[in-house]
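Right, one structure below, let's go through it.
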Amino acid sequence: MAEDGEEKLLATVQHIAKTLGRTGTMTEDILKVFSNYDGRLSLDKLYAAAAAAGGGGAGEHSMSMPASSPPPVLPSAAAAAMPAPVTSLERTVRTLDRQISQFVTMERLVWADSADADAFLEAVDDLIGTVQELDAAGTNRGLLDRADELLSRCMARLEDEFRALIERPDDAAPAAPGGFDSEQSDDEDYDADDGYGDEPIPIAKPVTDFDVVIDALPPGSVSDVHQIARRMVDAGFGRECAEAYAAARRGFIDESVARLGIRSRTSDEVHSLPWEELEFDIARWIPAFKMVFRILIPSERRLSDRVFEGLAPYGDLAFVAAVRTQALQLISFGDAVAAASRAPERLFRVIDMYEAVRDLLPDLDPVFADPYSAALRAEVSAVCNTLGSSIKGIFMELENLIRRDPARVAVPGGGIHPITRYVMNYLRAACGSRQTLEEVMEGDLGALGVTAIAVDPDRPTSSLAVHIAWIMDVLHKNLESKSKIYRDPPLASIFLMNNGKYVIHKVNDSELGVLLGDDWMKQMLSRVRRWSMEYQRGAWAKVMSVLQTGGSGFSGLPPKAMLQKLQMFNGYLEEIRAAQSEWVITDDQLRADVKAAIADSVLPAYKGLIARLRSSPDAPQDLFIKHTPEDVEACIQHLFEGIGK
């Protein structure tokens, strides 16, 4: 009777499960509830009874059921009511579903509790293994689809945890003494020695030492996100993991660059900016570029390598996706500046930009060593090359500027022309970056990451030297054209002398002398001497013609002729004094040399004329000498002092 009662009990339970269980899963859950309630209703007995009923039928039960009880169920009907036998994989999937569902639906971060995190990861590992086993068997597509759907839910939650750990590592860590107060102002600066330990390192402060690495995540957080990344890759969600990582890190990178004061500008905006404003942007861009490519990006590479250790190529994909936007923004600004106006005054800022890019190129090789980031390395090389080409173009524009400078107004007194001052000071300043200019003129070696070429101090035939010599020749021709404005040829010679001497001084006082060489310098000195002689011949020709008497000197001239020459000399000297007192020779040594040459030519002849006239017996008794030799010498010494004096 006991056995019949137990059989009826089993049949009743099966009927209840059949009635209430709309799906196989619900039926099994109901049976499990009964099995937990009464030891006689174990799952093994329920499944065995169902199997026995389905296998061969049994007689009707002799014991009747109470009127209020469910009608007795025949063994054949019980077999029909029971679900198909559940395999071990089905039980595993159902068990994992219950385990994982509690984590997937958890309102707080799973990683806020390390025990929960470990349990979740263990369940994930089991699920991944189960999916792989089902996929390999290929016999239960429905169960595989159910496991895949569970795996997708699991990965979605892992991705949320992954991003939270990267973006807000403190949310997943227990509060530690000395942590940030929630009421602390966001505007406060963080001190590097404030004892916060693993807190993210802010990077907004000025940096002069670029040999540092930012640890943006605490070591514990790095380990946690690595564990998540490994599960996502094992589950076939490696690309989604890389995208989630990049999205999480991109915010930190964007904020870091924004704190450096960099504004995003289009090429059109860069081209239309006034130079003063653009120069200010360049001054900010240079340290920002160094900061991003020397500290921020290498630190991001280090972090991605740690998070995705052993999970190639997803670490490379994540790294490039994280840094690409801000890197290209900085690169595009360099391209825009290089393609903008090539006015000569922009040369020095463009050189600064070129040097900033060139100097870091060798350091980028280990950072951008993988195939996915090689294109970004090529972009940096390309902007370096573009900036080098811009430097060449600016030099050519300097030539055009000299050629276009009109010969309209003569410089008063034959002084130094503004174009001469501008060009020479410009070239002298440019030679402060001689190494870079040599490199660029020789052929964009910096853009290829090649070691900078050595400058030969005895090589005035380098590309830069030839280019500067060409500019000097253009300047010389321009000055000769401007000298024709002067109606007085001697004043034109003074103008050329002044500008030539100024050029010589600037060349001798800088590396221009090395670039142009001794032969060029000798040629320039020869020109200055020639212009000096042309001045003397033109300005003092009439004076010297009066004082020239032929081979016999003044001894063969009658007093009347000598008096006539003296009067002519006085007139010419007054003309020279009136005209040339406003002329100027700016170089002290050149002015002294010209005066000495005039005195050496004029004074001996003039003294001879005065002496002969005074010693002549036929000279008038009331002979008046207007200008003594000392007066003439004083007159010569007061020449070329300029209008201001």
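The values are calculated or read from the model by the stated rules, or taken from the named source; none is laboratory data. Everything quoted here is computed from the prediction, not taken from an experiment. Positions of Cβ are generated from backbone atoms using ideal geometry, with glycine treated the same way; all protein chains shown enter the neighbour counts. Ligands, DNA and RNA are stripped out before the accessible areas are found, and what is left, the full protein with its side chains, is counted by its heavy atoms. Shrake-Rupley method; radii C 1.70, N 1.55, O 1.52, S 1.80 Å.
Based on the mean of other beta carbon atoms within 10 Å per residue, what is the order of 98-109, 352-363, most packed first?
352-363, 98-109
Normalised by the number of residues in the range 220-388, the average gap of Cα pairs under 8 Å and 6 or more apart makes the relative contact order 30 percent.
Overall, the accessible surface of the range 355-420 at a probe of 1.4 angstrom is composed of carbon and sulfur to the extent of 56 percent. Stretching Ser389 away from Leu109 to a fully extended chain increases their span by 95.4 nm, per 0.36 nm per residue minus the current alpha-carbon distance. Given R0 = 35 Å, the distance between the Cβ atoms of Arg403 and Ala382 translates into a calculated FRET efficiency of 0.65. Stretching the chain fully between Ala369 and Leu9 yields a gain of 122.4 nm (0.36 nm per residue, less the alpha carbon separation). Across the range 86-168, the relative contact order, built from alpha-carbon pairs under 8 Å that are at least six residues apart, equals 33 percent. Report note on the peptides 312-325, 503-516, 520-533: ranked by the mean count of other C-beta atoms within 10 Å, highest first, their order is 312-325, 503-516, 520-533.
When only C-alpha pairs under 8 Å and at least 6 residues apart count, what is the relative contact order of the range 318-453, in percent? Normalised by residue count, the contact order of the range 318-453 is 32 percent. If a spin label sat at a point 7 angstrom from the Cα of Arg487 along the line to its beta carbon, the backbone N atoms of the range 393-421 nearer than 14 Å would be those of 410.
I need the calculated FRET efficiency for the pair Arg577 and Ser267, taking r as the beta carbon distance and R₀ as 51 Å, to the nearest 0.05.
The computed FRET efficiency comes out at 0.25.
Packing order of peptides 417-427, 257-267, 598-608, highest average first: 417-427, 598-608, 257-267 (average count of other Cβ atoms within 10 Å over each peptide's residues).
Here each label is just a point 7 Å from Cα along the line to Cβ, and for Arg153 and Asp118 those points are 2.6 nm apart.
Please report, as a whole percent, how much of the solvent-accessible surface of the range 476-596 comes from carbon and sulfur atoms (probe radius 1.4 Å). In the range 476-596, the share of accessible area belonging to carbon and sulfur is 51 percent. Set the Förster distance to 60 Å, then compute FRET efficiency between Lys560 and Arg284 from the Cβ-Cβ distance, nearest 0.05. With a Förster radius of 60 Å, E is 0.10. With a simple spin-label model that places each label point 7 Å from the Cα along the Cα-to-Cβ direction, the separation between Thr87 and His638 comes to 12.2 nm.
Between Arg530 and Asp509, residue separation times 0.36 nm minus the direct Cα-Cα distance comes to 5.3 nm. Annotation for Asp519 and Arg302: the two label points, set 7 Å from Cα along the Cα-Cβ direction, are 5.5 nm apart.
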